[in-house]
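The structure appears below as structure tokens.
Read-outs throughout are calculated quantities, based only on the coordinates presented, and are distinct from any laboratory measurement. For clarity, every value in this text was computed on a predicted model and none was experimentally measured. Every residue, glycine as well, gets a Cβ built from its backbone with ideal geometry; the counts of neighbours run over all protein chains shown.
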Amino acid sequence: TGIVSASNAYHVGKHWDSALVSRYFIRPGVLAVDIASPNHYDTVYVDLDNDFDFTDDTPITRGNPVSTKDIPVDLNGDGFPDAPDGFADISSGMVISIANAGLRTGVAATVGNLTVTGTTAAGGEIWAQLPDTNLIVNRPPTIYLNGAPWGTVAVLNEALAVTGGSTGLQLRARSNVVTGSVVLRGTNVEVLDEKPLTVTNPAANTSFTTRNAGLLNFNVYRERTSANWYGPKIVQLVQGQDYTITLATGAVSLLPRVTSNPNPFIQNLAGDVMRVWYNYTGTVAAADYTYTSAGAITLKYPLKATSTVRADYQYSAFTLDRVKGNLTLTLPLAANDRINADYQYGTTPLPYSDVIASRTGVSNYYWGSGDLVMFTGALYGSHGTNVATMIAGQGRMNRIRPDPPLNNQVITVPSRFRGMAPNAKIIPIPTGLATSSIVQGWYFGVEGYDGVPNTGDEAQIITNSWGSITTTLDAGFGAIERFGDWITNQYASSRTISVKSSGNSGYGYGTVRDGGIAGIVTVGASTSLYYRTTPEYQFDSGPYPSYGDIADFSSNGPTTAGQIGPDILFTGQFVYAASPLNSFFDATDAWTLTTGTSFSCPLAAGELALIYDAYKQGHGVFPNAPTAKELLLSGADRNNNDAFKAGAGFGNALRSTDLASGRGGIRASPYAWYPGDYRGVDYPTSVHLLGAGEADTGAITLHNEGAQAATVSLAATEFQYQSSVTYSFTPSVGRPFMPAGQNWTLLRRGELVDWFGRRMASYDPTLWDNADLVRVTASYSRSTFGAAARTIFLEPFDWTDVNGNQRFWGQSTNVTAVDWCPSGTMFASGGTDAIVTIWDATTGLPIRQVTAGSAYVNDIAFSPACDLLAIASGRGNPVTGTLGRVTVFRTSDWAQIRLHGDLYQGYPITSVAFSPDGTKYAFTSRTNALWRMINDLPATDTSIPDVIVRNTASGAILSRMSGHKDYVNVVSWSADSTKIISGSGDRAGLWDNSVIVSSVTTNPATVVGAFGGHLDYNSAGVPRDGVKGVALHPDNVRAYSAGLDGFVNMWDITAAPTPALDTFTSTIGGETDIPLTNPNVVPLSYSVTLNGVPMTEFNAFLGTGEYIMFADIGFVIWIGAPLVPGDSLEIAYTFAPPTGFVAQANPDSLAVAPTGATLTVGSRNSRNAVLYDSSVGLAP
């Protein structure tokens, strides 16, 4: 609806992007329409959201070849899709061709035999020629003979010539006979030996039927098998005595004399074979003849001279040569026959297909109008998209979803997906690794669509991120490399340059593949290790991250021909790249850090694009390939590695473009010189031989590419070994903080130290001062290498001790939470970031670091068995702060096994605790009590809970508890693991400093006791807000709470609170302050009525309610309509006074000793933890 087709013919197909299939489980639809003119298809729609509606999709046209959609995705990690963010999340891929064809209707064909007769047959013509060639392959033409559709011809009752004693027959149609169409009928046809029955069970096998019916005579013989030795081997049975037969049907019944006679010479036995001979008239069984498409029939048995045979069959009237438009007729035409046709014929080939067809000698094929739509893009992987980004990425994406552990929400970062040459144009050439595929791809690169080099539609740079065509022993001298050199420098006259990845065979010398030849730029991989400084990783916060080191996997020279191998290095380890949208369906997640020479190669290609552009600006023409290679290599930075590993060094786009544009710099030509020759000739791509005692000279010319004179110093240099320092380690032995098999070592002036600063070896410090190159070499036994190659991975980087603690790892922020493993072997600490460090209690060294689900660690808890570690985290609000999360780790391997939120808005989780029996864990949501007020829900509504209790084994919710009316700060367990105690208060404008004890054996939890007794304000009116520490005594009777009012209170949870009813009668009107008879009002237990009408408590967020209750001091403030004289307020409540004592200033943590005899109280304003007698509250 709403999409127009000029011909009213809509062509619908399916999109073949496997990622879309993974998302929708079916292939989304593709629609092609002809909008501008009938039968010329110019517009494509792709149902990207799979809603079976094309009208909400962007039309794809020549001017807009890609369709995308910005879909709602979860950007903040709250589990709900957010509004579209302006970035495309799904893509159709780019349409590069829509098939269109010419159309003929009723056109006449010329006919002929040896010569052309014309359009009307004289008789006997055996071919016809249509006016057009290249008929489309997917829709057969409609051919007419004398105005009637002509294709498959049916022949009935054709008499066939019979030769006595022969098995051969011939149809009149000597070609194109339709398989399965031939039916034969005969008279007096003889069957010489048919075996219709092999007896397996003599009692059951008592009948059979011959293949053919209409029998004229019949004989049956019983053949004994070798196992049945009784009597003669073959015995003719007697009709009427041994069997009966119905000749019309060929049905035979064996009589009892044969089937059940006890005489073994007469009865049938298992294994006997019935063999029959007969003549018949009727349809010949299909098993008794075969035939070919040429009409040759072979019967199973010879015919008699008196036999006759007739045939029914079908044949195709002609064979069509679509490429030439020829019809080869099966049978000659009759006089005055005319042939006409309706068909589509090709006018424009699929892009470049005609060139390949001509070059390889195969036929080219064409498709009907609107029948074929060609897409290009990342339909089967991400490699091409990664490469294209590095060349021509536009750098528009600055919002990404990081990898774990920070993958809950999108962050804004400096754009890192901008390619080397953002204005370059990309020609994608999908290719496999077959040599023929590579060859055709290179031809297309240097020719362009017209198949002719140097006409302007070809590529200037061909980048090749593939490998393993050539074996290492052929590298630099194989057929594929020499062809690459020939096609760019000879066939394309050096107007195109090829760039090739060196391969990922790494480590040793002579490992380069598929490159290392003069006419190709071969690119190795180095690393900038830039990823260490990014917000997602922060691995190295020092100012000098390692830059330009050769990646361990990068293949090295020399080549088999003795040449350098890699010409230059570019970053190939941990390179940022965009990934295909359809692999993620979220633009913020469609990125990667990737590794391999496949990704250093496009960076070199991108720099070459800049060089071409700069050269054109400076000289008015583009450089040829040798000049471009010299400019690329001459501008490289030396990285202090030999040429077989690094070539010219690390690519430097600024230096090379300055050279290219004539702004300055020195270009060396040639970029390398190899002494020797091959049989007297210097072949650039061949070996160079120099015999013993021979000498050779060569010249390297230095070109000053600037306007000013330049001073150049030349030196022949080589690295000279100075000294080494050696140390050993056993990979299988785990070290603190490192997985087994890893060893992190710091090399600094004069010494080798472990990552905690302990010396492992020393050396002369002046060696460090004077060194040009420090090389790290790892070695191990041959047996180790044979068992698992590449078992050692070396990654050096320049570390700076920013915090000055002389340690590589450790606590790096203020400590906000700690907890001990109950076994006493380790403890954990967390700070204002998301990192929690686990420490060895004996050595004081860190064992491991884990990352909480969000930054700012509020609480840490080990399980009683010390097999789990739970972290409560989050700060501020989810928008400007960090999300509230509970993260649970398994301590055996430190794998994260749980990640929870607060079941609502995602505000901080303030506390977490395991039950003493280890079967449950509880955690508190800081703000859910406030959200209940905002949503006008009762304080006890557990849909937005204060405390959540989960099953330790499964993570399933066991109980929810609600009841507080302010921030919930802390939770603790009873000794029998059946109850929790929680405390609240900390927000200005709210007056709930409650302590609630709940049974969590039910869901929702059941309140056992609720208490109020911590002051909101001191005598001077200063806020003292919040219960910060709670604990239950092992006797299951006493509960303790510590508040910022300076008190520690003790409550009896088994004692029933005392009920009270206070009445206040207005005498003067307008009263607001109403003191109660008793303080320590029990939360959730009070109600207020005015003249018998129930009143509601004040809601600070909605501005509703008539009174405020101060439970701690027993005081009500009336804020409803002004009281008038005679108004009567009744306040019903219960109260439960605590036993309390004054602790040190601002106590905010509390714990009961396992014996129950002692309390430990900590304070935010004191450096001391004070011990108190749990009964009388006196410091021991």
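Summary of computed values
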{"read-out": "Length-normalised contact order of the chain in % [C-alpha pairs under 8 Å, at least 6 apart]", "value": "6"}
{"read-out": "Residue-wise HN-Hα coupling along the stretch 143-151, computed from phi with Karplus coefficients 6.51, -1.76, 1.60 (Hz; x: Gly, Pro)", "value": "9, 10, 10, 6, x, 9, x, 9, x"}
{"read-out": "Amide H partners (placed H, <5 Å) of T571, local residues excluded", "value": "S526"}
{"read-out": "Residue-by-residue Karplus 3J(HN,Hα) for the stretch 1140-1153, coefficients 6.51, -1.76, 1.60, Hz, glycine and proline x", "value": "x, 8, 7, 9, 5, 4, 6, x, 9, 8, 7, 8, 9, 4"}
{"read-out": "Under 12 Å, Cβ to Cβ, from I438 - net charge with Lys/Arg +1 and Asp/Glu -1", "value": "-1"}
{"read-out": "Dipole of the chain, positive direction: furthest Cα of P430, F1141, S579, with charges on the beta-carbon", "value": "P430"}
{"read-out": "For the stretch 156-316, radius of gyration divided by Kirkwood radius, i.e. Rg to Rh on alpha-carbons", "value": "1.08"}
{"read-out": "Per the chain, cysteines lacking a partner by the 4.7 Å Cβ criterion", "value": "C601"}
{"read-out": "Segment D637-T919, extension gain: residue separation times 0.36 nm, minus the distance between their alpha carbons", "value": "95.4 nm"}
{"read-out": "Test item: Cα-centred dipole of the chain, Lys/Arg +1 and Asp/Glu -1 on Cβ, debye", "value": "3880"}
{"read-out": "Sequence ranges 684-694, 111-121, ranked by mean other-Cβ count within 10 angstrom, highest first", "value": "111-121, 684-694"}
{"read-out": "Relative packing of peptides 571-582, 925-936 - highest average C-beta neighbours within 10 Å first", "value": "571-582, 925-936"}
{"read-out": "Globularity index of the stretch 964-1119, i.e. its alpha-carbon radius of gyration over 2.2 N^0.38 Å", "value": "1.09"}
{"read-out": "Net +/- balance of residues flanking M420 in space, Cβ distance below 15 Å, scoring K and R +1, D and E -1", "value": "+2"}
{"read-out": "Nearest-20 debye value, the stretch 146-221 charge dipole, Cβ charges on Lys, Arg, Asp, Glu", "value": "180"}
{"read-out": "Debye log10 I(q)/I(0) for the stretch 815-1051, one point scatterer per Cα, at q = 0.07, 0.12, 0.13 Å⁻¹", "value": "-0.21, -0.63, -0.74"}
{"read-out": "Spatially proximal lysines relative to K920 (Cα-Cα < 21 Å; intrachain offsets below 8 disregarded)", "value": "K979"}
{"read-out": "Value of relative contact order over the stretch 897-965, rounded to a whole percent, pairs C-alpha under 8 Å and six or more apart", "value": "28"}
{"read-out": "Options H703, G168, Y1172, ranked by Cα towards positive dipole end of the chain, top entry (Cβ charges)", "value": "G168"}
{"read-out": "Isotropic mean projected area of the C-alpha convex hull, the chain (nm²)", "value": "81.9"}
{"read-out": "The stretch 1058-1135: mean projected area of Cα convex hull, nm²", "value": "4.8"}
{"read-out": "Amide hydrogen neighbours beyond the local backbone of D859, cut-off 5 Å, H modeled", "value": "A872"}
{"read-out": "Cβ-based charge dipole, the chain, positive-most Cα from G1043, T1072, V1088", "value": "G1043"}
{"read-out": "Charge context of L631, other residues only, Cβ under 10 angstrom, K/R +1, D/E -1", "value": "-1"}
{"read-out": "Protection proxy ranking of 954-965, 866-877, 492-503 - average other beta-carbon atoms within 10 Å, highest first", "value": "492-503, 866-877, 954-965"}
